[in-house]
1. Report which label in (1) 42, 18, 13; (2) 24, 18, 17; (3) 29, 20, 13 holds the value of semi-axes √(5λ) of the Cα gyration tensor in Å derived from the coordinates of this structure.
2. What does the charge add up to near T34, with Lys and Arg as +1, Asp and Glu as -1, over the other residues with Cβ less than 13 Å from its Cβ?
3. Mind ordering 121-129, 153-161, 46-54, 171-179 by average Cβ neighbours within 10 Å, highest first?
4. Note the count of lysine pairs whose C-alpha atoms are less than 26 angstrom apart in the chain, limited to pairs 8 or more residues apart or on different chains.
5. To the nearest 10 degrees, how steeply does helix 125-142 sit against the main Cα axis of the chain, on a 0 to 90 scale?
6. Assuming a viscosity of 0.692 mPa s and a temperature of 37 °C, what translational diffusion coefficient in µm² per second does Stokes-Einstein assign to region 101-155, Rh being the Kirkwood radius over Cα pairs?
7. Within region 66-164, list the chymotrypsin sites (Phe, Trp or Tyr not before Pro) lying in a DSSP loop whose Cβ has at most 15 other Cβ atoms in a 10 Å radius.
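Taken together, the values in this text are just the output of simple stated rules run on the coordinates, not laboratory data. These numbers were taken from a predicted model, which means no experiment stands behind them. A quick note on method: Cβ atoms are made from the backbone with ideal geometry, for glycine too, and the neighbour counts reach across all protein chains shown.
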Amino acid sequence: MLRLIPALVVALLLSACASPTPPASRIDVEQLLTLQKTRLDVAAPVARSKWNSHAPIDDPAREALILDDVAARAQLLKLDPQWTVRFFQDQFDAGKIVQRDLHRQWRAKQRPPFADPPDLARQVRPVLDRLTPDLLTVLVRLQGHWCEPGVQRALAELEPEILGADYAPSVREQATEALHCQQ
């Protein structure tokens, strides 16, 4: 009997190591939405910079570079690259809704250029570049859990709370589109 105990301990340890990933938590969903909000908050400074420079809101070349990088990182992190690119494209598109709305308002008011717009390359893009790995980290923790009732419930409860105060429904829907369980 005593000889079986070490084998039993080893078997228990191996089964513990082989157990599935822990369930995603409300904290993970909250962190993801908070990071998405932080990313959306950058849309207003981008809009001011582009207003002054008359640069187009759409920048397909820059987006393609970022999405290619995201796809490569996703593959290394064992995330579905196609889904991850879709998620990030949703973030770009949500930010562009904010920018277009601001530009529309400014055109209507015949707004003059801003006195001190942020520099996209030196002030804005580094913020966005720092957010990408943070978003990917949370996506890894939530991977495989999207359709769990607790995750979908947390998303439904937290999305209006975190994004709703500052962003229109169209922006929120675009930013969270890939997160909703597709059955």
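1. Given (1) 42, 18, 13; (2) 24, 18, 17; (3) 29, 20, 13, the calculated one carries the label (1).
2. Working: positive: R26, K37, R39; negative: D28, E30, D41, D134, E159, E161, D166.
Within the 13 Å Cβ shell, the charges total -4.
3. 171-179, 46-54, 153-161, 121-129
4. Lysine pair count for the chain: 6.
5. It is inclined by approximately 30 degrees.
6. Numbers: Rh = 15.0 Å.
Reported coefficient: 218 µm²/s.
7. Answer in residue order: F114.
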